[in-house]
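The values are calculated or read from the model by the stated rules, or taken from the named source; none is laboratory data. Remember, it's a predicted structure, so these values are computed and weren't measured experimentally. Note: ideal-geometry Cβ built from the backbone for every residue, glycine included; neighbour counts use all protein chains shown. Just the protein is used for accessible areas: all its heavy atoms, side chains included, with ligands, DNA and RNA removed. Shrake-Rupley method; radii C 1.70, N 1.55, O 1.52, S 1.80 Å.
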Amino acid sequence: QVQLVESGGGLVQVGGSLRLSCAASGLTFSNYGMGWFRQALGKERETVATISSKGFRTYYTDSVKGRFTISRDNAKNTVYLIMNSLKPEDTAVYYCAAQTTGWGPQINDYDYWGQGTQVTVSS
């Protein structure tokens, strides 16, 4: 049974930083592209960042480029999202997800999803 468990969310002030982690189990982690997604209240889920199975390629949505960094440790079955210079508009529930066929930003390509972790940026 595949499980993805996010952690590291919380309340942070504008300009602050957080590191999200997503621990995976029940799958051969190094074969999966991984992604971070977010959904703000009343809005559709959007792609934040994705990373290829071996970590060589990444994608970022424009609004987080230069502020967020996605990385993975295949030995620990974990994917990370380092978020710097946080803004109120980054407030959302953040989800990690896994897919076998690639690593791109299309949400519908992702097969497994975590339960999410709340990130709140206060001004």
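Taking the condition of being more than 12 Å from Y80 (Cα to Cα) and surrounded by fewer than 20 Cβ atoms within 10 Å (Cβ to Cβ), how many residues in segment 48-62 meet it?
9
Could you say whether any residue in segment 87-96 is of a type in the set (A, V, I, L, M, F, W, C) and within 22 Å of S123 (Cα to Cα)? Break it down into steps so the answer makes sense when it comes.
First, the residues of segment 87-96 that are of a type in the set (A, V, I, L, M, F, W, C): 92-93, 96.
Restricting the remaining residues to those that are within 22 Å of S123 (Cα to Cα) gives 92-93.
Scanning segment 87-96 turns up at least one residue that is of a type in the set (A, V, I, L, M, F, W, C) and within 22 Å of S123 (Cα to Cα).
Which members of segment 1-22 meet the condition of being part of a strand (DSSP E or B) and either hydrophobic (A, V, I, L, M, F, W, C) or farther than 20 Å from V93 by Cα (or both)?
The answer is L4, V5, L11, V12, L18, L20, C22.
Just wondering, is there one or more residues in segment 66-74 that are of a type in the set (G, A, S), open to solvent by less than 50 Å² (accessible area, probe 1.4 Å) and under 18 Å from G116 (Cβ atoms)? So that I can check it myself, show each step before the final result.
Taking segment 66-74 first, the residues of a type in the set (G, A, S) are 66, 71.
Filter once more, keeping what is open to solvent by less than 50 Å² (accessible area, probe 1.4 Å): 71.
Keeping just the survivors that are under 18 Å from G116 (Cβ atoms) gives none.
No: zero hits.
With respect to G15, determine if the residue is of a type in the set (G, A, S), crowded, with 17+ Cβ neighbours inside 10 Å and in contact (Cβ under 8 Å) with a residue 12 or more places away in the chain. Break it down into steps so the answer makes sense when it comes.
Details: of a type in the set (G, A, S): yes; crowded, with 17+ Cβ neighbours inside 10 Å: no; in contact (Cβ under 8 Å) with a residue 12 or more places away in the chain: yes.
No.
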